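> Take a look at this one; I'll ask things after.
The values are calculated or read from the model by the stated rules, or taken from the named source; none is laboratory data. Just so it is clear, the structure is predicted and the values come from calculations on it, not from any experiment. Here the Cβ positions follow ideal geometry from the backbone for every residue, glycine too, while neighbour counts run over all protein chains shown. The protein model used for the area step is the full one, side chains on, heavy atoms only, and it has no ligands, DNA or RNA in it. Shrake-Rupley method; radii C 1.70, N 1.55, O 1.52, S 1.80 Å.
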Amino acid sequence: MTSKTIANGILRAVAIIAGIILLGYFLFKIQSVIAYLAIAAVIALLGRPIVLFLRAKLKLPNTLAVIITMVLILALFLGILALFIPLVSEQSKNLSLLDIDALKINLNTLYLQILEYFGATTANVNELIEESELEKNMLEGLDLNFIPDFLNSFVNFLSNFSVGLFSVLFISFFFLKDSNLFQNGILTFVPDNKENNLVKSIDKINGLLSRYFAGILLQLFILFVIYTITLLIAGVENAIVIAFLCSLFNIIPYIGPIIGGVVMITLTMTSFLGADFSTVILPKAIYVLIGLVIGQIIDNFFSQPFIFSTSVKSHPLEIFLIIIIAGLVFGIVGMVVAVPGYTAIKVILKEFLAENQVVKKLTKGL
């Protein structure tokens, strides 16, 4: 091996590494566009059955069927958004989000009611905090002024939201209108002798993910019904909106139900703020907690195993490990996209490496 060959090899390796770094930087800079494409692809998967129904049953032209589907999706989104207006308005009053002093008074009132119910005093709690050396950290960390800052950030988010919404709807329209648009874009970078394998993979992925997202919608609907009944029994205002919001958190595996449960119980307690803690607030919170437990038992032992086994053809334990690993590496976003991403990888591996023994075991039954 000559020095020239070694030098060429080093230069080639450096060029490849530099190319990977530049590609990663480029993808990082256009992460918003990638997110728009991903959301649009999900919307297209969910809207595709509607388009096919309109074309097959009502004999509508493809473009008209797509327009009607997009209008239905947009109407559904705006309807859901409109549901949150009374919730935000009511809870803003309850929590006094725009008045920090009133918020402190309300929280202190609830705090004193809890202490009175358990027969404790503020002196006991203060002594416990001092002994655990948490007082200083709590006083330094508890700054309720973050609330107006958060609201300002939320307003800024809404100002940019319209751009993202338009982009997603625009991309979704063309994904629905031309179902092969995304596929053709990928085929541009694939060798001719591998195009047939990729087409089969994409068709398989579309079918599996369509069933998966349909299963997720069914899962959220079941939780929504259980939560709504629970909140209505407890007499919580805006029960439907709160139930929808908390069931929506279940999109985030494992962590989402905890967040949703905390939000539901918190909104329940603040809905009755000012009432007697022992006879009103605590029993209402317990009713809601029971409903949450029932919902999660049904979800974990019936809904999720059904979705994972029939849609993505994966064992629940297998899915659990993938979600945990993705969460550790990529955070909450990784947990959300873990199952669709893992399913797509399995399909591609089966199509391109069907003879590999490891791949055969991983994709058995797929």
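> Counting other Cβ atoms within 10 Å, keep those with at most 11, restrict to DSSP loop, and tell me which trypsin sites (Lys or Arg not before Pro) in the range 1-77 are left.
Taking the range 1-77 and a limit of 11 other Cβ atoms within 10 Å, the loop trypsin sites (Lys or Arg not before Pro) found are 57, 59.
> Report the accessible area of residue 317, computed with a 1.4 Å probe over the heavy atoms of all protein chains in place, in Å² rounded to the nearest 10.
Counting only protein heavy atoms, residue 317 exposes about 100 Å² to solvent.
> Loop only per DSSP, at most 15 neighbouring Cβ atoms within 10 Å: give me the chymotrypsin sites (Phe, Trp or Tyr not before Pro) in the range 245-303, ordered by residue number.
Loop-located and lightly packed - 254.
> Let me ask you something else. If DNA, RNA and ligands are ignored and the probe is 1.4 Å, what is the ranking of 240, 171 by accessible area, most exposed first?
From most accessible down to least: 240, 171.
> Against the globular-protein guess of 2.2 N^0.38 Å, express the Cα radius of gyration of the range 191-365 as a ratio, rounded to two decimals.
1.29
> Give me the distance between the Cα centres of the range 188-220 and the range 267-299, rounded to whole Å.
Centre-to-centre distance over Cα atoms comes out at 42 Å.
> When the chain is fully extended, how far beyond the present Cα-Cα distance does residue 232 get from residue 25, taking 0.36 nm per residue of separation?
The residue 232-residue 25 span can extend by a further 69.5 nm.
> From the square roots a ≥ b ≥ c of the eigenvalues of the alpha-carbon gyration tensor of the range 291-343, which class results: rounded (a/c under 1.5), prolate (a/b over b/c), or oblate?
Since a/c reaches 1.5 but b/c is at least a/b, the shape of the range 291-343 is classed as oblate.
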